[in-house]
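First the structure, in the form of structure tokens, and then the observations on it.
The values are calculated or read from the model by the stated rules, or taken from the named source; none is laboratory data. These numbers come from a predicted model, not from an experiment. Here the Cβ positions follow ideal geometry from the backbone for every residue, glycine too, while neighbour counts run over all protein chains shown. We work out accessible area using only protein heavy atoms, side chains counted, and drop any ligands, DNA or RNA first. Shrake-Rupley method; radii C 1.70, N 1.55, O 1.52, S 1.80 Å.
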Amino acid sequence: MDRSNTALGEFLRSRRARITPRQAGLPDDGGFRRVPGLRREEIAQLAGVSVDYYVRLERGRRLNVSETVLDAISRALRLDPVERTHLFQLAKPATDRTRRAATRPQPVRPGLRDLLRILEHTPVLVLGRRLDVLASNEMARALLTDFDALPHRERNLVRFMFCDETARSLYTHWDTHARDIVASLRRDAGRHPHDPLLAELVGELSIADEDFRRWWADQDVHRHTHGSKHFHHPVVGPLTLNYESLTLPADQDQRLSVYTAEAGSSSEEALRLLAAWIRQPEAAHGQHVRALFQRREELVGSSTEPVDVQGAVEGEGQAPDREIAQVDGDLVVRLDQASGLEERISSSTGINCATSPRWPGVMTKASGQRPPSPTE
């Protein structure tokens with residue numbers, strides 16, 4: 001059986017299973033149902049097609065389905081615009097042209113690379129098929145991971161999300177973002193059902209990760225156009241970034257993803273600190289430490305007990321979940337309760353930053369060397 005038609009049947013069954021008779025405007029007899037959701041004959045009735053025709057469609061039979069019928073089925077299944085497009089892509093037979101498109105290289109134009117370089121104060125990525133990371137600027141690599149240092153096969157946002165342990169600590173709401181990425185990959189599978197590299201990626205992650213396997217089976221599809229993401233970065237702490245994902249006119253399989261922070265927010269200040277850390281790690285860290293030292297004088301004084309600064313430092317760039325204490329004359333700033341990440345500022349010798357078990361070496365600024373990436 002043709003693989004794309006198998007995918008069509010699986011998608012139809014998953015959408016049918018999520019609709020109740022009441023949602024579809026059908027009488028609910030209250031009787032026992034062997035399967036969740038609507039029965040096949042009920043979808044056929046709503047779509048105005050014969051039961052036999054719909055059953056063959058769900059079983060992946062090779063049918064020349066008209067757009068009118070697909071529209072009717074889409075309405076019966078209550079599909080959103082992204083799901084409707086996905087249905088049409090699964091239903092139409094693959095051509096030699098679409099098969100070739102699934103495997104052709106995706107070079108990034110020099111002008112686009114120049115754009116990434118010019119946008120030096122905000123993270124920017126160019127994503128391709130399968131959510132491959134085709135290009136990234138320094139800010140994106142500092143925010144997420146150094147994709148340029150990875151083998152080409154591993155430069156992939158889905159692989160990073162599920163195979164790199166640092167991703168689960170980096171994203172505050174990892175489950176939500178990871179599930180959205182799986183749904184985005186599912187959309188790519190509908191556009192390129194004969195992509196062997198995509199099939200390899202799905203197979204590998206299905207074996208390696210239970211979460212991926214479960215979410216892939218849900219058949220959800222999603223198109224990332226805009227939204228917000230919450231991070232807990234090992235260097236600059238918590239930040240919330242908005243993103244815009246723009247499809248490039250010259251290549252519909254390439255997207256430019258730009259991350260920005262709200263003007264005047266602590267996240268904007270965190271991005272500035274991250275940009276400074278990239279250029280001159282010592283100077284950026286020193287500026288951050290001096291600001292903390294000044295706030296210590298105002299908030300802690302001579303107290304030796306930890307002081308919760310939540311609310312007291314709102315709007316001043318200091319993360320609300322951090323604590324400040326004075327220990328043996330030194331200032332100790334608890335950056336991350338979960339990981340134990342701390343900064344210690346010596347009252348006599350300057351900066352002496354402790355490391356965290358989760359982020360070894362991240363905050364060792366006194367050495368004068370740029371800290372290694374958490375993936376190193």
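Each residue, Arg22 and Ser206, gets one label point 7 Å from its Cα in the Cβ direction; the gap between the two is 3.5 nm. Backbone amide hydrogens, once placed in the peptide plane, bring Asn156 within less than 5 Å of Val133, excluding anything fewer than 5 places away on its chain. The slack in the chain from Asn64 to Ser245, taken as 0.36 nm per residue of separation less the alpha-carbon distance, amounts to 61.8 nm. Residue-wise HN-Hα couplings along segment 233-249, as the Karplus relation 6.51 cos²θ - 1.76 cosθ + 1.60 with θ = phi - 60° gives them from phi, are 7, x, 9, 10, x, x, 7, 10, 10, 8, 10, 10, 10, 10, 6, 7, x Hz; Gly and Pro carry x. Once you sort the root eigenvalues of the Cα gyration tensor of segment 111-221 as a ≥ b ≥ c, which label holds: rounded (a/c under 1.5), prolate (a/b larger than b/c) or oblate (the other case)? Prolate, because a/c is 1.5 or more and a/b exceeds b/c.
I'd like the distance between the alpha-carbon centres of segment 122-176 and segment 31-87, rounded to an integer number of Å. Using only Cα atoms to place each centre, the spacing works out to 37 Å. Here Ile19 sits with roughly 10 square angstrom of accessible surface, probe radius 1.4 Å. Within the accessible area of segment 159-270, the carbon and sulfur atoms contribute 49%, probe 1.4 Å, all protein chains present. Extension gain for Ala149-Arg272 works out to 41.9 nm (0.36 nm per residue, less the C-alpha to C-alpha distance). FRET efficiency for the Gln106 to Arg213 pair, using the beta carbon distance and R₀ = 35 Å, is estimated at 0.80.
Coupling constants for segment 42-57 follow from the phi torsions by the Karplus curve (6.51 cos²θ - 1.76 cosθ + 1.60, θ = phi - 60°), and in residue order they are 6, 5, 4, 5, 5, 8, x, 10, 6, 4, 4, 5, 5, 4, 5, 5 Hz; glycine and proline get x.
Electrostatic tally near Arg39: other residues with Cβ closer than 10 Å to its Cβ, Lys and Arg +1, Asp and Glu -1, net +2. The slack between Cys163 and Val55, meaning 0.36 nm per residue of separation minus the straight C-alpha distance, is 35.0 nm. The amide H of Ile19, built 1.01 Å from its N in the peptide plane, has Leu38 as neighbours under 5 Å, considering only residues 5 or more places off or on other chains.
Report, by chain and number, residues whose modeled amide H sits under 5 Å from the one on Ser228, excluding near sequence neighbours (fewer than 5 apart, same chain). Excluding prolines and chain starts, which carry no amide H, the hits are Tyr243. The 3J(HN,Hα) values that the Karplus relation (6.51, -1.76, 1.60; θ = phi - 60°) gives for segment 204-216 are, in residue order, 5, 6, 5, 6, 7, 9, 5, 4, 4, 4, 5, 6, 5 Hz. Gly and Pro appear as x.
Counting Lys +1, Arg +1, Asp -1, Glu -1, what net charge surrounds Phe11 among other residues with beta carbon under 12 Å of its beta carbon?
Summing Lys and Arg as +1 and Asp and Glu as -1 gives +2.
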